[in-house]
Every structure is written in structure tokens, then in C-alpha cells.
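In what follows, a structure is listed as C-alpha cells, so that the remarks can point back to it.
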Amino acid sequence: MSIQKIQNPAAKVETHTRIIDGRQVKVVDRNQVKAISQRLITKHARAMEILKDR
């Protein structure tokens with residue numbers, strides 16, 4: 001089983017443009033970011049397990 005490089009999923013997070021203090025600010029959904037980072041951590045942990053078994 002080979003380990004694939006993960007494309008940058010953090011770039012795929014939807015950004016919402018909100019106007020805060022008269023400026024346009026890009027806001028991301030925190031739950032989505034958390035879910036993505038959790039997925040990355042899980043993938044990394046699995047990759048480390050595979051490498052350790054060899």
C-alpha cells in the first residue's frame with residue numbers, strides 16, 4: 001500500500017465574504033476546518049502505522 005500525497009484540502013474550504021468594520025473579510029467555517037484537520041491527522045497517523053509495520 002503506497003502513501004499518496006494529499007492535495008491541499010484546506011484550500012477547498014468555502015470562504016464567505018463578510019463586511020466587518022466596513023472592510024470585506026473572508027471568513028471560513030470553523031467546523032469545516034476542524035473536520036479537515038481531523039481527517040489529515042487521521043491519514044497521517046495511518047501512514048505512520050503502515051511505515052512502522054514494515
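Near THR42, once Lys and Arg are set to +1 and Asp and Glu to -1 for all other residues with Cβ below 14 Å from its Cβ, the sum equals +3.
Using the Karplus relation 6.51 cos²θ - 1.76 cosθ + 1.60 with θ = phi - 60°, the per-residue 3J(HN,Hα) values for segment 24-34 come to 7, 10, 8, 10, 9, 7, 4, 5, 5, 4, 4 Hz, with x marking Gly and Pro.
Fully extending the segment from LYS43 to VAL25, taken as 0.36 nm per residue of separation minus the present Cα-Cα distance, adds 3.4 nm.
Taking amide H as placed 1.01 Å from N in the peptide plane, the amide H of VAL28 sits under 5 Å from that of HIS16, each at least 5 places away or on another chain.
We did not get these values from a lab; they are worked out from the coordinates using the rules stated. If you're wondering where the values come from, they're calculated on a predicted model, not measured in any experiment. Cβ sites come from the backbone with ideal geometry, for glycine too, and all protein chains shown count toward neighbours.
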